[in-house]
Structure formats: C-alpha cells, structure tokens
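Accompanying notes for the structure given below.
The values are calculated or read from the model by the stated rules, or taken from the named source; none is laboratory data. Nothing here was measured: the structure is a model prediction, and the numbers come from that model. Here Cβ is always computed from backbone atoms with ideal geometry, including for glycine, and neighbour counts include all displayed protein chains. Surface areas here come from the heavy atoms of the whole protein model, side chains and all, with no ligands, DNA or RNA. Shrake-Rupley method; radii C 1.70, N 1.55, O 1.52, S 1.80 Å.
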Amino acid sequence: MTKRCLLLLLFAALSLPAAASNADIAIAAQAQIGVTRHYDPAYRKLSYPGGDVPKERGVCTDVIVRALRTARGIDLQKVVHEDIRANWDAYPHQRRWNLDKPDPHIDHRRVPNLMTYFTRAGYQVKPARDPASYLPGDIVAWELGRGVLHIGIISDLKTLEGTPLVIHNIGRGTREEDILFQYTILGQYRLPPPAPAH
C-alpha cells in the first residue's frame, strides 16, 4: 500500500463522526433484544446499589439503566438516587408520584428523573428534525400524548431513508424500531465518549 493510500485512509478515519464512539451504548442496548421480552411496570424492591428487575422484564427506562451499566459501568440507580437525595428541589417531577423522599427502588426507573439527571450532568443536546443529528448511543425522550413519557437509545442501524432506529421497550419487550420521529421529542442526551484504553 502506498504512502498516499495510507494518508487517505487515515484522513477518512479522522473524518468519521466523533460521537460514533458511543456505539458501545447502542450495542449494550441491542444485547437486550430477545432477552427482555416483557413490559412490566410493577414496583419491585431492588437491592442497592446495582439492583435490577428480572432480565426478561422491564420498562423503557430499564433499557437505559442496563445499557449504561454494561457499556460504561454507570449505575443509574445509585447516581440518580444520590442526586435526588442531595438536590430534591431540582426534581420537580417527583411531585407526580406524591413522594416525600427519594426511593432507590424506583427513582431511576422514571423517565422524568432520567431526563432531569442527564440534563444536570451536562449531557443534553438540542433535538432536531434532521436524522443526522442523532448518533449511536444517544438517548432520546418523547411525549407519547396525554402526559405519557418514553425513552430509548439510538441504534447504529438506520432505515433505507437514513433515519436511525431506536432500541426501546414500549410494551412488547426490548426492540429495535423506526420510531424516532413518530412522537414529540422532549430531550436528546449524549454522554462523553469512553476513555481510551491504555
């Protein structure tokens, strides 16, 4: 291979979108497909930290919780609970559930709490109608109507038209589907890329 070819390959590699390095989050979410087969919003007592509902069950937030634990070692159960405990007034949506104190069994399994935490952590980016604005591993939250919220992870796969698929659990277990622009987008969140391996 000539020196010119090597330079062209290097230039092409450097031209790839930087945030594509968050594909590890998408891959961790994809691993839940066929494993989490049921939508189950039941309240459960969980161990803390690191608690989880049975792998075959869960809701949309559990897709996020499991993906970030697997890909990044981030325990949303712990960090969200600690942030709510230290900053109760920053989480106004807690009032939706008539709570008077944090609850480590459920706090991280509620969409408004994840949205608030991701915003406070500095992960929020401005949503757009351009499919190219959504990169693998991005987390997106929607309003489904009548105050019902939903959350999912952008896949590394796209439709033929170029719209990224979403990995989510909206009632039939974890699936990868074309839903990005089917509902009102409320928030888009992008974690920093993982630290380079040494």
* Structure fact -> Taking 0.36 nm per residue of separation between Leu157 and Ile33 and subtracting their Cα-Cα distance, the length gained on full extension comes to 43.2 nm
* Asked: Going through region 102-198, which trypsin sites (Lys or Arg not before Pro) have at most 14 other Cβ atoms within 10 Å and a DSSP loop state?
  -> Arg129, Arg146, Arg172
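Would you kindly state how much longer the chain becomes between Thr119 and Leu144 on full extension, computed as 0.36 nm times their sequence separation minus their alpha carbon distance, in nm to one decimal?
7.0 nm
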* **J(HN,Hα) series, region 35-52, from Karplus relation 6.51 cos²θ - 1.76 cosθ + 1.60, nearest Hz, glycine and proline x** => 9, 8, 9, 10, 9, 9, x, 4, 5, 9, 6, 10, 5, 9, x, x, x, 7
* Asked: Relative to the first principal axis of the alpha-carbon coordinates of the chain, what is the inclination of helix 76-86, with its axis defined by its Cα atoms, in degrees from 0 to 90 and to the nearest 10?
  -> 60 degrees
* Asked: Taking only Cα atoms, what is the 0 to 90° angle, nearest 10, from helix 60-72's long axis to the longest principal axis of the chain?
  -> 50 degrees
* Per residue value of the accessible surface for the chain (all protein chains in place, 1.4 Å probe), Å² -> 53 Å²
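Could you look at the chain and say what percent of its accessible area is carbon and sulfur, using a 1.4 Å probe and all protein chains? Numbers along the way, then the final one.
Working: 6030 of 10540 Å².
Roughly 57 percent of what the probe reaches on the chain is carbon or sulfur.
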* Extension gain, Glu56 back to Trp88 (0.36 nm per residue minus Cα-Cα distance, nm) -> 8.3 nm
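Using the Cα atoms of the chain to build a convex hull, what is its mean projected area in square nanometres? Please list the in-between numbers first.
Values: hull surface 54.5 nm².
Spelled out: convex hull of the Cα atoms, projected over all directions, averaged, 13.6 nm².
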